[in-house]
Amino acid sequence: MVRIQFAIDLDYTLNSPGADFVFNIHAAHTASQRIVSESLQLAPQLMPAIETEPHTAARFLRLHVASGSLHVAYRATLDIDQHLADPDRIPETPVSQLPLSALTYIYPSRYCQSDRLAMLAISEFGHLPKGYRRVEAICNWVNRHVAFRSATSSSTTSAIDTLTERVGVCRDFAHLMIAICRALSIPARFTTGIDYGADPALGPTDFHAYVEVFLDRHWYIFDPSGTAIPMGFVRIGTGRDAADVSYATIFGSVSSPPPLISISALTESGQPWQIPQRCPQALSTDTPAATQPACATH
């Protein structure tokens with residue numbers, strides 16, 4: 001188990017009267033992500049509407065601001081108790097046996113054009129035994145073939161663009177991996193969190209995009225960018241691709257500086273909290289880990 005504490009501060013100035021905001025910044029309530037405490041402060045003081053998407057547990061904050069400026073400050077402390085499994089014992093799930101909740105994640109979507117990557121997927125990975133290790137091979141292939149470089153893509157960059165340019169940021173790595181998985185009929189979804197453990201040389205702490213793949217009744221975590229530590233990922237948003245889980249969707253004209261984000265792992269004598277570390281086991285945060293061992297490093 002890890003205990004994570006994080007903070008998000010967002011500032012906006014309205015350039016014209018009236019703007020509507022939809023934020024996806026709250027930690028999701030899941031079976032193995034328990035929120036110990038959280039707070040939300042708004043300036044000006046507004047009556048927030050917070051709604052939960054029932055299938056993914058993502059929470060959305062909706063606000064209307066008439067004029068002036070907006071400051072959003074969200075703080076949370078949570079315990080993450082991950083399900084750990086032996087990667088060599090995790091099979092793929094045949095399409096005929098997929099639950100309806102996973103079926104939607106095998107179709108092409110706006111940024112993940114899996115229908116255009118079938119030949120690549122079959123050529124590179126069609127010969128591999130089906131299971132976690134094949135998905136791991138896809139993750140590693142994306143990591144090897146795409147270079148991480150800030151400010152090299154835009155909000156319109158798709159998996160096909162990333163495959164062509166071979167450069168991008170975390171969302172681009174995620175889109176490409178998702179598209180290849182779906183081309184092989186493996187359900188894969190886009191998930192947002194915070195980049196715990198990222199090298200400071202990559203820039204200030206930021207939102208992070210990674211991948212969850214449905215295998216043997218669980219959604220397992222993969223980070224094709226390789227820039228952060230999955231054991232420390234806070235699950236915030238989940239969708240088909242980045243279009244579903246933007247941290248801020250704004251209807252109106254505004255200007256804003258980059259978000260200010262901080263994240264840390266807490267430890268305390270006598271408590272079972274681990275410092276997040278890279279782990280050889282398969283990790284999932286959609287199922288309690290009460291019967292699972294702590295992450296082994298050997």
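The values are calculated or read from the model by the stated rules, or taken from the named source; none is laboratory data. Owing to the predicted nature of the structure, the values given are computational and were not obtained by experimental measurement. Neighbour counts run over all protein chains shown; Cβ positions are idealised from the backbone, glycine included.
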Lone unmet requirement of (1) hydrophobic (A, V, I, L, M, F, W, C); (2) without any contact (Cβ under 8 Å) to a residue 60 or more places away in the chain; (3) part of a loop (DSSP other than H, G, I, E, B) for A209: (3)
Per-region count, region 239-250, residues closer than 21 Å to L78 by Cβ and either part of a loop (DSSP other than H, G, I, E, B) or at pLDDT below 95 (or both): 2
Extreme residue, surrounded by the most Cβ atoms within 10 Å (Cβ to Cβ), among residues of region 151-174 that are of a type outside the set (A, V, I, L, M) and within 14 Å of G226 (Cα to Cα): D172
Region 251-282, residues that are outside any loop (DSSP other than H, G, I, E, B) and surrounded by 17 or more Cβ atoms within 10 Å (Cβ to Cβ): V254, I261, I263, A265, A282
When residues of region 108-150 are limited to those that are under 18 Å from the mean Cα position of the chain (by Cα) and assigned to a helix (DSSP H, G or I), the one surrounded by the fewest Cβ atoms within 10 Å (Cβ to Cβ): N140
Residues located in region 217-266, provided they are small (G, A, S) and within 11 Å of the chain's Cα centre (by Cα): G237, G239, A242, S246
Region 14-30 - residue that is surrounded by 14 or more Cβ atoms within 10 Å (Cβ to Cβ) and over 16 Å from the mean Cα position of the chain (by Cα) and, of those, farthest from V254 (Cα to Cα): V22
